[in-house]
Amino acid sequence: MTARLPPRLAEIVAALPISPQDRILEIGCGPGVAARAIARRLDTGHILAVDRSAAAIEQLRALSAPELGSGRLSARQTSIEDFTLDSGEDPFDLVFAVRVGALDGRHPAEGKIALERIAAITSPDARLFIDGGSPPREPPIRC
């Protein structure tokens, strides 16, 4: 059974400028509702969903067999502050986060580290979207 996107999350996902070939990173994916919806929109692209919670990643994996099996979705337990690309892993074209304290202003010290990590793992023309408005805010990745 796949969970339906709540209206606010559906609005955020619809606002993302996703191309079918993009490499996308979702920070703070929870059980993967948005990641599954995005994976279904990809052709040759890929979405990596990360969350610091082992329970969230376990739930995502349990609910996402078709998307994981297609190769369009993968998941990793980590915080954005600790995230690095695996050897040979390509940088991301688009990054988004919904209700992530390190990026929405609730934890400024972690936010600085998070932005440094995002800059290190994205392509030069990558875009970052954070919830907090309609449409989502798009802060610069690199200053």
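Just give me the residues in segment 1-34 being assigned to a loop (DSSP other than H, G, I, E, B) and either over 21 Å from Leu63 (Cβ atoms) or modelled with pLDDT of 95 or more (or both), in sequence order.
The answer is Leu16, Pro17, Ile18, Ser19, Pro20, Gln21, Asp22, Gly28, Cys29, Gly30, Pro31, Gly32.
Within segment 102-132, take every residue that is in a loop (DSSP other than H, G, I, E, B) and within 17 Å of the chain's Cα centre (by Cα) and give me the one that is farthest from Ile80 (Cα to Cα).
Ranking the candidates gives Gly132 first.
Residues being under 12 Å from the mean Cα position of the chain (by Cα) and not charged (D, E, K, R): count how many of those fall in segment 84-101.
So the count comes out to 7.
Here are some residues: Asp86, Asp90. Which one is touching a Ser or Thr at 6+ places or on another chain (Cβ under 9 Å) and exposed (fewer than 14 other Cβ atoms within 10 Å of the Cβ)?
Asp90
Name the residue that is nearest to Ile121 (Cα to Cα), counting only residues in segment 35-53 that are part of a loop (DSSP other than H, G, I, E, B) and small (Gly, Ala, Ser).
Gly45
Would you confirm whether or not segment 45-68 contains a residue that is under 20 Å from Glu138 (Cβ atoms) and either among the hydroxyl-bearing types (Ser, Thr, Tyr) or surrounded by fewer than 20 Cβ atoms within 10 Å (Cβ to Cβ) (or both)?
The answer is yes; a qualifying residue exists.
Is it fair to say Ala49 is within 18 Å of Val13 (Cβ to Cβ) and touching a helix residue (DSSP H, G or I) at 6+ places or on another chain (Cβ under 7 Å)?
Judged against the criteria, Ala49 is a match.
Filter segment 74-101 for residues that are assigned to a loop (DSSP other than H, G, I, E, B), free of Cβ contacts under 8 Å to residues at least 60 places away in the same chain and of a type outside the set (Asp, Glu) and give the result.
Thr78, Ser79, Phe83, Thr84, Leu85, Ser87, Gly88, Gly101
Please identify the pairs in which a residue from segment 123-138 that is under 12 Å from Gly105 (Cβ atoms) and at pLDDT 90 or above has its Cβ atom under 6 Å from the Cβ atom of a residue that is assigned to a strand (DSSP E or B) and among the charged types (D, E, K, R), counting only partners at least 6 apart or on another chain.
From segment 123-138, the pairs are Ile130/Arg137.
Assigned to a helix (DSSP H, G or I) and either within 14 Å of the chain's Cα centre (by Cα) or touching a residue at least 40 places away in the same chain (Cβ under 8 Å) (or both) - does that describe any residue in segment 58-69?
Checking segment 58-69: at least one residue is assigned to a helix (DSSP H, G or I) and either within 14 Å of the chain's Cα centre (by Cα) or touching a residue at least 40 places away in the same chain (Cβ under 8 Å) (or both).
Hey, could you check segment 1-34 for residues that are touching a Gly at 6+ places or on another chain (Cβ under 6 Å) and exposed (fewer than 14 other Cβ atoms within 10 Å of the Cβ) and say which is farthest from Ser123 (Cα to Cα)?
Pro20
The values are calculated or read from the model by the stated rules, or taken from the named source; none is laboratory data. Quantities reported herein were computed from a predicted structural model and do not represent experimental measurements. Please note: Cβ atoms are built from the backbone with ideal geometry, for glycine as well, and neighbour counts cover all protein chains shown.
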